[in-house]
1. For Phe162, Phe135, what's the fewest-to-most ordering of other Cβ within 10 Å of each Cβ?
2. So if the hydrodynamic radius of the chain is defined as the Kirkwood radius over C-alpha pairs, what does Stokes-Einstein give as its diffusion coefficient at 4 °C and 1.567 mPa s, in µm² per second?
3. Using Cα-Cα distances under 8 Å and only pairs 6 or more residues apart, what relative contact order does the chain have, in percent?
4. Can you tell me how much longer the chain between Phe108 and Ala164 gets when fully stretched, taken as 0.36 nm per residue apart minus their C-alpha distance, in nm with one decimal?
5. Assuming R0 = 45 Å, can you tell me the calculated FRET efficiency for the pair Thr66 and Val99, based on Cβ-Cβ distance, to the nearest 0.05?
6. By Kyte-Doolittle mean hydropathy of at least -1.0 and Cα axial length of at least 18 Å, which whole DSSP H helices of the chain are selected?
7. Work out, step by step, the length gained on full extension between Leu54 and Leu82: first 0.36 nm times the residue separation, then minus their alpha carbon distance; give nm to one decimal.
8. Which length gain, in nm to one decimal place, applies between Ile89 and Ala16 when the Cα-Cα distance is subtracted from 0.36 nm times their residue separation?
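Derivation of every value follows stated rules applied to the coordinates shown; laboratory data play no part. Everything numeric here is computed off the predicted structure, so don't read it as measured data. We place every Cβ from the backbone using ideal geometry, glycine too, and count neighbours over all the protein chains shown.
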Amino acid sequence: MPSLVTLLLYILAGGALGSLMLLTGIPAGPLLGAILGAGLLSVSGQIDVASWPLGTKTVLGIGIGTVIGTGINRETLGELQLLWKPALIITFTLLIAGVLVGILVSKFLGVDKIVALLGAAPGGTIGMSLVGAEFGVGAAVAALHAVRLITVLFLIPAIVNFLAPSTDINITK
């Protein structure tokens, strides 16, 4: 099957399930749906593995970074004046935990050390997958982060609602 048709089928699968997930009210549902839609199509073996044109992932990474960057404004910087200490504690705790988990997974489960370290690193699926691609292990890192991301997107909203029921906001509506 021509690669352009293959890419279109992946885009349609991700777009369709991502659009359906809008109806669930799950935080980041469209992202989760797109990952599941494209992933399920890929796992089905019905079509070839997607081969994206050179530079596509970089362009998408820049686009996603730009979307995130536009969310940073004066209000965000004002909040950061109050939150910089927790931000540092959270960041370094997650980095240390990620390194320790990566080393343990590599040692006790026999996973390649680079895959384990990048797979356990706190970061987004795209970012860590791009770093993994630089080391030649992008697909394995993406798989680990996809599992993490899907699990977190399903569980954290329920945990937040359970641990913080006094808020007026129910994020799983």
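1. Numbers: Phe162 8, Phe135 14.
Lowest to highest Cβ neighbour count: Phe162, Phe135.
2. Values: Rh = 18.4 Å.
In µm²/s, the coefficient rounds to 71.
3. Working: 158 pairs, mean separation 33.7, N = 173.
Here the relative contact order equals 19 percent.
4. Details: separation 56, 0.36 × 56 = 20.16 nm, distance 3.60 nm.
Stretched fully, the Phe108-Ala164 segment lengthens by 16.6 nm.
5. Details: r = 29 Å, r/R0 = 0.65.
Efficiency for this residue pair is about 0.95.
6. Working: long enough: 3-21 (27 Å, 1.89); 29-44 (22 Å, 1.66); 56-70 (21 Å, 1.16); 74-109 (45 Å, 1.34); 138-163 (35 Å, 1.99).
Once both thresholds are applied, what remains is 3-21, 29-44, 56-70, 74-109, 138-163.
7. On the way: separation 28, 0.36 × 28 = 10.08 nm, distance 4.19 nm.
Extra length available between Leu54 and Leu82 comes to 5.9 nm.
8. On the way: separation 73, 0.36 × 73 = 26.28 nm, distance 3.90 nm.
Full-extension gain reported as 22.4 nm.
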